[in-house]
Amino acid sequence: MRANCRGPGVIPPPEYYSCRYSTLREPLNFSRGTELLKDDDQALHAWCIIDDEIVSVGRSHLIPVDSNGSQVDHVGPNAATCPDFTPLISGEYRPAIQIRQMGTMPQHRNKGYATKVLSELEKKSVEIFAARYGFLQARIQAIPFYQSQGWEIIDELFEIPGIGPHHSMIKKLFRSG
């Protein structure tokens with residue numbers, strides 16, 4: 001297994017986006033193109049490769065200081081708007097990153113690939129963005145995975161239209177002292 005983490009300023013290979021589409025958008029009957037985000041060129045992208053196939057993907061981006069993290073879910077038409085992260089109202093959580101678009105091909109789940117992708121994103125977000133905290137919005141079925149990686153739920157259950165129920169989560173990415 002090979003793991004890669006690139007960016008910002010690096011667009012991943014087309015196979016990265018194919019994995020993102022197959023794992024996150026196609027199961028919801030979204031059209032091609034909805035796997036793209038307008039700030040992909042500003043994000044870190046991580047992926048795992050098995051036998052020349054990208055099997056797990058994810059990305060992180062720095063949340064701008066003038067934003068609390070609310071944004072559209074994709075670049076296509078009729079994109080839902082994801083809610084903001086309430087803790088970002090306070091400056092103590094900045095610099096902060098958001099993890100998005102985590103997905104693993106079904107036949108490769110529960111083998112540690114998503115853990116490797118998430119770990120790389122967390123580590124590189126600290127190195128490149130000087131991130132202190134990470135935020136994400138997890139689908140219900142992904143919550144146990146994120147909790148096993150040290151992430152904590154910070155809000156009530158909410159619905160992202162067309163995608164389903166989610167919880168916002170936080171993780172401290174730096175060690176004090």
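The values are calculated or read from the model by the stated rules, or taken from the named source; none is laboratory data. None of these values were measured; they are calculated from a predicted model. Because the Cβ atoms are built from the backbone with ideal geometry, glycine has one as well, and the counts that use them run over all protein chains shown. We work out accessible area using only protein heavy atoms, side chains counted, and drop any ligands, DNA or RNA first. Shrake-Rupley method; radii C 1.70, N 1.55, O 1.52, S 1.80 Å.
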- [ ] Determine whether residue 118 is assigned to a helix (DSSP H, G or I) and either farther than 23 Å from residue 49 by Cβ or among the β-branched types (Val, Ile, Thr) (or both).
- [x] no
Open item on the list: Out of the strands (runs of 3 or more DSSP E) lying entirely within region 124-177, which hold 1 or more residues that are in contact (Cβ under 8 Å) with a residue 24 or more places away in the chain, touching an Asp or Glu at 6+ places or on another chain (Cβ under 9 Å) and surrounded by fewer than 14 Cβ atoms within 10 Å (Cβ to Cβ)?
Closed with: 164-172
Open item on the list: For region 74-101, give me each residue that is of a type in the set (Val, Ile, Thr), free of Cβ contacts under 8 Å to residues at least 60 places away in the same chain and under 24 Å from residue 130 (Cβ atoms).
Closed with: 89, 99
- [ ] Could you give me the residue pairs with C-beta distances under 8 Å whose first residue belongs to region 8-26 and is touching a residue at least 40 places away in the same chain (Cβ under 8 Å), whose second residue is open to solvent by 40 Å² or more (accessible area, probe 1.4 Å) and of a type in the set (A, V, I, L, M, F, W, C) wherever it lies, and which are 6+ apart or on separate chains?
- [x] 8/128
